[in-house]
Amino acid sequence: MSNIPETGRTSRVTIRLIAIQILVFSLILTLGGRLWFLQIRNGDEYQEEAAGNHVQQVVQPAPRGTLYDARGVPLADTETRLVVSASRTELMKMRDDGEAVLGRVAEVLGMTGEEVAHKVRLCNNETPQPCWNGSPYQPIPITDEATTQQALTIRERGEDFPGITAEPAAVRRYPAPYKANTAQVLGYLSPVTDEEVQKAKDTDSPLLRSDQVGRSGLERSYDTQLRGDAGVLRYEVDKLGRVLGMADSDEPVAGSSVVTSIDSRVQAVAEYQLNQAMETARKETDSITGRPYEADSGAVVVMESKTGRIVAMASQPDYDPNAWVGGIDAEQYAELTGENSNYPLLNRAIQGQAAPGSIFKVVSSMGAVNAGYPFDDTYSCSSSYSLGSHSFANFESTGHGPITLGKALEVSCNTVFYRLGHTEWRKDGGSKVKPGEADEHLYKAAKDFGLSKKTGIDLPNEVTGRIPDRQWKQDYWEANKDSWCKQAKAAKKTGDEQKDYVAKLARENCETGMQLRAGDSIIYAIGQGDILVTPIQMATGYAAISNGGTLYDPTVGKAIISPDGREVETIEPTAHGKLPASKKTVSQIDQALQDVATRGTASWRFTTWPHDEIPIHAKTGTAQVYGKQTTSWLATYTDDYTIVMTISQAGTGSGASGPAVRNLYDAIYGVEEDGSIDRKKALLPKPEKDLPRISPTGTVQAERTDPKLVKFWREAEFS
Amino acid sequence: MSVHSFDTSAVGPPKSLWSRVTARGSLARRLDWPLMLVPLLLCAVGALLVWSATRNRTELTGGDPQQFLYKHVVNTAIGVALAIGVVWIGHQRLRSLMPVLYTLALVLIGLVYTPLGATINGERAWLNLAPGLQIQPSEFIKVTIILGMAVLLSAKVDAGDREHPDHRTVVQALALAALPVAVVGDLGQVMVCVVIILGVLLASGAANRWVFGLIVTGAAGAVAVWLFGLLDEYQLNRFAAFANPALDPSGVGYNTNQARIAIGSGGLFGTGLFEGSQTTGQFVPEQQTDFIFTVAGEELGFVGGSLILLLLAVLLWRACRIAREATDLYSTIIAAGIVAWFAFQSFENIGMSLGIMPVAGLPLPFVSYGGSSMFAVWIAIGMLQSVRIQRPLSA
């Protein structure tokens, strides 16, 4: 026992006190070390987390750019509407979660309380539409159709409507100038989906949850330019979402405007005339089926021959693009996308594909010349062409004797091309030759003409059509042989193999479907069989014949104009190829097509046409489709314009499409019924070269025509 | 003056007040001034932090952003007055008052379970004395235990009968401490009390077996509590969140996670007072009391946080010194008990904000807002000063 004199305490206690002291200081050191670890070593990480914690973003949408026609008339613009919105964060602060306020809003707007409550509730897995799918910090629109009176009521009695705003907001509008709704070309907008937001996150144009994005047409292909950059107001908020102050915010930047080459007047005429042609066809009886023509769908393309610019593009059936504005309900959506309405959203000018029939003969002619058949040699136009026991007839089984290829185009002689197709097939090695080992001149010409691939038009979802050459046959067989062979096997078991045409076909396809048969090549030469083309492909090719051989990318967009009107980026015409024919051949075909219009198959539609002043060229086509009525095709051009029209199940090319195309040309050039030209009445005698004028304040100046004149041409019924 | 420690200065001819106060051996000279100054500094820092944490919380302040600042200052003033009172009475005289104080403390804890009691944040630990006046009796338990155990354990040793407390005395002392601890339902306070009892036993010179026995019992108790589900669910959840804060970031782990974000985002110098987004945004709960250190961490940074740690270190160093230099076992035990109390409570409080200790509702001495805690820690300062004053002058 060793007492420390001063304190009179044992060493045990002293030692323990020292131990306590050491323990105490190690605790403090531990805290210091941990503090250093959190604040100095990992500080950055936590700073980021803290920043993400307390900032909430409210999006201010950028005004979307306008789509103009070639003369500055708006095709799609934004309209200011009175929008009544509710701030969810404000409502949630109230004792009854804003129920009373929403009830008063419903009363003012003449809606039911339930309707309003549904609009402002947040979407989740259990909540059915309607519900709000955007950020809860974003004002939620209750209506975008408030009247001035309703808006004033809400604003004047602000104390009764806390958290409710009634303010003008921009809403997309499709004004349809001259009644040209241009629906499928313009496209439509709809709210962005979660996946799209995720996908666009790290790109140059990130999407916000409040964004509307273009879903089709120009709205989609020029979406990034039109959309602009939304502004973001960043609020500092507390744990409960209450706003404490503002953080750095970005102002919205308006979207650019797009001037298109569409002339809304010509567009209006094209739409009306297409519709008229279809309605007329439905009143006529098809002599083959004995039923009235279905005329279920159709398309027309008016293109500048020397640039590829689209002046008008119509597709039937169509729809009102304004149906999409302000959200579309389920019923409307079903109507727009359903089978019963025959898919009005499809732009059949670029998405409709059919066998081209005789308008394909210009391609066969080019192929034939390339294969060594001189254009001006004579070829037998017999009344029919036989392959084994099968006889391929000429149209109405008339023969014309030995004629040139030009004459064959003029009178649309099938047998000349049957023979060419068959001879070439044999020369290539018949059905035994493997894909890639034959010249396939007729098929190659079609591909070089631009068929079986996209033209590159600045509209989304263009389809390619197809050219049924040996390679395609092989590929198609590989893809389908299993189901064909299964079908054939099943038919064999039941014993209706011999009776049933379909079963027979299945067996044939199963066994030899990879072979290009003689019959395939014979009907291919006149644009029938498995071949599929789109109106825009044919328009591009015929425009090339008109301009001497250059295949231009079809374009609808002509220039992009910055929001302030200062920067104008012109979209120049670009060529993607040449016709598979020499200059000479092109001019020979050009002459032949003029003859078609003056004395050939299309001439009866152009008897009063001023051929000397405005030379017109045409080719008719009437394509047979298994189990359906014939497809009407009419491909025409002048020096400046190319017009291709097609109507499904409507009869002959000149018969069904002739009057409409003729009326279009009349309107464009101002040709009266008697063939005289009234320049004053002409809508667009020369393609619009210039862009619309832009005022010093940056607004695009519209050059408008008297609507009566457009109405006159729209409803003209000559010929 | 009736304080016996004044005796030495009362000799000689009458002197001026100043010279009397500053005279060698006077009360003023014998007070441990760092031990006065450091708690005052901690209270001052605490006042700023409490102010920052509450000025936006209108639901607490009733619209006066400075309300908690004022209250904290007033609490500090009352605390200092209590400390002076304790010095005045002297810790030696508290020996005889111990039975009264002990009984009073037991009654107060008991009252918590009557309709007078109130539950705040899941802990039934409060007494509603009058509207707006609530006290937390468990805060005063700690002083009572230290005092009571010191009285019992030191009696025979200080009388010179024994070198160390005998087993019987230890049992008595443990029983005396166990009774109020058993009544207190507050997990955090129980933890502090256990550590205090351990510190007191160590300082008393009780046999090693008692010390180890207590440690083993404590550990076994913790395991038993865990296994047999004696804890309420919220208490278990707090521990689970401590073990893995990512477990449920929006629920249980949310608070600890937000606390860590607040401190971590402070960096070296902090965001500046009133500028912390975590604090302004009220992302951390109970920020003026249990999580006060997060305000310091975020707004004053590593520098501010270290300053608080440094002040606490100085405070504990002074307290340790007083314990070592105390002249009798009674005083030694009191000082050591207070060291154990302050050290563990500070470690637990800051440790849970830093995410190295489980969440338990304990205030940071002098810094956290709260009257009961403030009064209790100043009473402890008074006792430390009293021990120091009684010490013979060193040559």
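The values are calculated or read from the model by the stated rules, or taken from the named source; none is laboratory data. Here the structure is a predicted model, which means the values were calculated and not measured. A quick note on method: Cβ atoms are made from the backbone with ideal geometry, for glycine too, and the neighbour counts reach across all protein chains shown.
What the table below lists for this structure:
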| item | result |
| --- | --- |
| Sole residue being closer than 21 Å to B:Ile322 by Cβ and either of a type in the set (A, V, I, L, M) or out of contact with any helix residue (DSSP H, G or I) (no Cβ under 6 Å at 6 or more places or on another chain) (or both), chosen from B:Ile84, B:Ile120 | B:Ile84 |
| Any hit, region B:324-342, residues being within 11 Å of chain A (Cβ to nearest Cβ), more than 20 Å from B:Ile308 (Cβ to Cβ) and free of Cβ contacts under 8 Å to residues at least 24 places away in the same chain | yes |
| Criterion (away from chain B (no Cβ under 14 Å) and either modelled with pLDDT under 90 or touching a strand residue (DSSP E or B) at 6+ places or on another chain (Cβ under 8 Å) (or both)) met by exactly one of A:Gly8, A:Gly52, A:Gly65, A:Gly43 | A:Gly65 |
| Strands (runs of 3 or more DSSP E) fully within region A:530-644 counting 3 or more residues that are more than 26 Å from A:Asn394 (Cβ to Cβ) | A:550-552, A:557-561, A:568-570, A:575-578 |
| Test: residue in region B:300-317 that is without any contact (Cβ under 8 Å) to a residue 24 or more places away in the chain, more than 24 Å from B:Gly205 (Cα to Cα) and more than 8 Å from every other protein chain (Cβ to nearest Cβ) | yes |
| Residues being polar (S, T, N, Q) and surrounded by 19 or more Cβ atoms within 10 Å (Cβ to Cβ) - total across region A:172-209 | 3 |
| Failed item in (1) modelled with pLDDT of 90 or more; (2) surrounded by 15 or more Cβ atoms within 10 Å (Cβ to Cβ); (3) in contact with a helix residue (DSSP H, G or I) (Cβ under 7 Å, 6 or more places away or on another chain), with B:Lys71 passing the rest | (3) |
| Test for A:Ser391: is it modelled with pLDDT of 85 or more, part of a strand (DSSP E or B) and loosely packed, with under 14 Cβ neighbours inside 10 Å | yes |
| Qualifying residue in region A:360-373 (condition: within 30 Å of A:His422 (Cβ to Cβ), assigned to a loop (DSSP other than H, G, I, E, B) and hydroxyl-bearing (Ser, Thr, Tyr)) | yes |
| From the options B:Gly361, B:Gly270, residue that is more than 23 Å from A:Leu27 (Cα to Cα) and surrounded by fewer than 24 Cβ atoms within 10 Å (Cβ to Cβ) | B:Gly270 |
| Region B:180-197, subset at pLDDT 90 or above and more than 18 Å from B:Ala207 (Cα to Cα), residue surrounded by the most Cβ atoms within 10 Å (Cβ to Cβ) | B:Val192 |
| Any helices (runs of 4 or more DSSP H) falling wholly within region A:159-241 and containing at least 2 residues that are within 29 Å of A:Arg714 (Cα to Cα) | A:183-186, A:217-221 |
